[in-house]
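Visitor: What follows is a structure written as structure tokens; I'll ask about it next.
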Amino acid sequence: MSHSAVTASKRVVLGKLGKAHGIKGWLKLHSYTTPPENILQYSNLHAEINGQRQSLLVDDSRQQKAGLLIHIKGIDDPETAQGITGAEVWVEDSDLPSLEAGEYYWHELEGLSVVNEQGLLFGIVSQLLETGANDVLVVKPTQDSIDERERLIPYLRDSVIKEVDKGAGRITIDWDASYLD
């Protein structure tokens, strides 16, 4: 049995369409990128509208106190805009810019097993949190993990994070099982 080298592309959610704004079909855009306006650098934004995948062409945008407002080509009235409120906005992972060696997008770390240097399995990365000082891995226990505890582990390369092996689906950490987090 041979495995194809081509992997299916994966959706990476970058934001969500908010309320309609004004009479010309503008929408609030809740961006999950840092800084928020980085979402506008992607030319291939998509959303699922009425069960159909749609490409979104943002033809105008402005930053306001209330956040980011966008205008999507073809949506020119508040009724149409209201119809797509709440839709998630995503790109294919293949559309993300390449990172330096040793850098990862959050979605690439989610689902990886977390093992300490003694070989103890803590669980899998369920999500990441941005705390300001550093990012934090939220590690949920699995059937095979050493205990039932959810752990918050700082994503500090070289000190706590020893190795990220996406191929093996594993993150190796310098973390004692008895640490309270």
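Visitor: For a quick check, take a GNM of the chain with Cα springs below 10 Å and name the residue from SER113, SER159, SER126 with the largest mean-square fluctuation.
Guide: In the Gaussian network model the winner is SER159.
Visitor: Going down the list LYS10/LYS162; LYS24/LYS65; LYS16/LYS166; LYS10/LYS73; LYS28/LYS162, which pairs span over 31 Å between their C-alpha atoms? Mind dumping the intermediate values first?
Guide: Numbers: LYS10/LYS162 26 Å; LYS24/LYS65 19 Å; LYS16/LYS166 28 Å; LYS10/LYS73 25 Å; LYS28/LYS162 40 Å.
Beyond 31 Å: LYS28/LYS162.
Visitor: Normalised by the number of residues in region 106-173, what is the relative contact order in percent for Cα pairs under 8 Å and 6+ residues apart? Please list the in-between numbers first.
Guide: Working: 140 pairs, mean separation 20.5, N = 68.
About 30 percent, as a whole number.
Visitor: Nearest 0.05, what FRET efficiency do GLU117 and ASP60 give at R0 = 45 Å with Cβ-Cβ as r?
Guide: On the way: r = 52 Å, r/R0 = 1.15.
Plugging the Cβ-Cβ distance into 1/(1 + (r/R0)^6) gives 0.30.
Visitor: At what distance in angstrom do the alpha carbon centres of region 144-181 and region 77-140 lie from each other?
Guide: So the separation of the two Cα centres works out to 16 Å.
Visitor: Counting helices only, and only those DSSP H runs with n ≥ 4, report the 222 nm mean residue ellipticity of the chain as the sum of -39,500 (n - 2.57) divided by its residues, in deg cm²/dmol to the nearest 500. Before the final figure, lay out each step's value.
Guide: Details: 2 runs with 9 residues, N = 181.
Using -39500 (n - 2.57) per qualifying helix, the result is -1000 deg cm²/dmol.
Visitor: I've got another one for you. Over region 106-173, how many percent of alpha carbon pairs lie in each 10 Å bin up to the one with the longest distance?
Guide: In whole percents, the pair-distance histogram is 23, 60, 17, 0.
Visitor: Sticking with this structure for a sec: How long is the gain from ASN134 to GLN82 if the chain were fully straight, where each residue apart is worth 0.36 nm and the alpha carbon distance is subtracted? Walk me through the intermediate numbers first.
Guide: On the way: separation 52, 0.36 × 52 = 18.72 nm, distance 3.71 nm.
Additional length available on full extension: 15.0 nm.
Visitor: What is the chain's relative contact order, in percent, from Cα pairs under 8 angstrom and six or more apart in sequence?
Guide: Working: 342 pairs, mean separation 31.4, N = 181.
Normalised by residue count, the contact order of the chain is 17 percent.
Visitor: So which residue, out of GLY119, GLY169, GLY51, gets the largest mean-square fluctuation from a GNM of the chain using Cα contacts under 10 Å as springs?
Guide: Highest fluctuation of the listed residues: GLY51.
Every read-out reported here was derived from the displayed coordinates using simple, explicitly stated rules and does not represent laboratory data. This is a predicted model, so every value here is computed, not measured. A quick note on method: Cβ atoms are made from the backbone with ideal geometry, for glycine too, and the neighbour counts reach across all protein chains shown.
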